[in-house]
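Inspection log for the structure reproduced underneath, given as structure tokens.
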Amino acid sequence: MPARFELNGVFLSGPTYKVGLMLALAGEPFDYVHVNLMAGEHKQPAYLARQRYGQVPLLVDRNNGRHLCQSAAILEYLADTLGKFGGATLDERLQAREWLYWDFDRLAPSIYRSRGIRAGFFKGGEETLELCATNAALALKTLDRHLSGSNWIVGENATIADIDIYGVLVYAADAAVDLAPYADVTAWVKRLEALPGFRRPTDLLPPQSRAAA
Ligand SMILES: N[C@@H](CCC(=O)N[C@@H](CS)C(=O)NCC(=O)O)C(=O)O
């Protein structure tokens, strides 16, 4: 029987990993469909009809036929529908949402861009790399300060805020960003990696389509 969830993505994609990690931590098996970005599959009408932005990830919930786009919105959907990692109270849910927006504004652009330039996926010179490094350092200072004395970003347990932000920082080394100076961030990284079901990107997302185990 097919799994409830079908994750369409690319194994090198941070946003795809965020969704895969959420499913893994929630104990939800998923069928994985590789989208061939190199061949432009994501810009073809058949794919655009399912993912209006022409991007990965795309999550299909086969229980109700929903097609979900935008990794942060997908994390919120999964937290709601699975009743996991959403935060214990309305205030925690609101704070988790704040951190998702913060990530997409302050952290993810610098790490993902720098990683993409270094891997040859995007064009960019020294000036851009320096700006990315400066912005990443500023964002990491904010996160480190926030995590001082707290195990998790919001409340007493892991939430989608942790999953979302980890899904960026897991690529820090690829962006030449050293997390070592941020002691509270590095302790939090270890805590997240110790959660049951945790998988690193290379263990979670294969380079080709794969049915759920
Ligand atoms: N804000 C989106 C970003 C998704 C995104 O940037 N996906 C990239 C791969 S990592 C993509 O599909 N790139 C191809 C394109 O934008 O044409 C999300 O979080 O889902």
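Length gained on full extension, LEU195 to TYR53, computed as 0.36 nm times the residue gap minus the Cα-Cα distance: 47.9 nm.
Entry note, region 90-193: relative contact order of 36 percent, from Cα contacts under 8 Å with a spacing of 6+ residues.
When VAL19, VAL56 are ordered from fewest to most other Cβ atoms inside 10 Å of their Cβ, what list results?
Ranking VAL19, VAL56 by Cβ neighbours within 10 Å, fewest first, gives VAL56, VAL19.
If a spin label sat at a point 7 angstrom from the Cα of ASN151 along the line to its beta carbon, the backbone N atoms of region 181-202 nearer than 15 Å would be those of 187-196. Distance distribution P(r), the chain, all Cα-Cα pairs, bin width 5 angstrom from 0: 1, 7, 15, 19, 20, 17, 12, 7, 2, 0, 0 percent.
Label sites at ALA46 and LYS123, each approximated as a point 7 angstrom past Cα along Cα to Cβ, lie 3.2 nm apart. Per q in 0.15, 0.16, 0.22 1/Å, what log10 I(q)/I(0) does a Debye calculation on the alpha-carbon atoms of region 90-193 return? Each listed q maps to, in turn, -0.58, -0.66, -1.15.
Among residues other than GLY120 with Cβ under 14 Å from its Cβ, the summed charge is +3 (Lys and Arg +1, Asp and Glu -1). Look at the alpha carbon pairs under 8 Å that are at least 6 residues apart: their mean separation over the length of the chain gives a relative contact order of 29 percent. How much of the DSSP beta bridge set in the chain is antiparallel, as a percent to the nearest 5? In the chain, approximately 65 percent of DSSP beta bridges are antiparallel ones.
Region 135-191 and region 104-118 have their alpha-carbon centroids 15 Å apart.
Cross-link reach is defined here as a Cα-Cα straight distance under 19 Å, omitting same-chain residues fewer than 8 places apart; for LYS123 the aspartates and glutamates meeting it are ASP174. Evaluate the charge dipole of region 1-136 about its Cα centre and quote only its size in Debye, nearest 20, assuming +1 on the Cβ of each Lys and Arg and -1 on the Cβ of each Asp and Glu. Computed charge dipole of region 1-136: roughly 340 debye.
Read the figures in this text as sums done on the coordinates, not as results from a lab. Bear in mind that the values here come from a model prediction, so they are computed numbers and not experimental data. Glycine also receives a Cβ, built like all others from the backbone with ideal geometry; neighbour counts cover every protein chain displayed.
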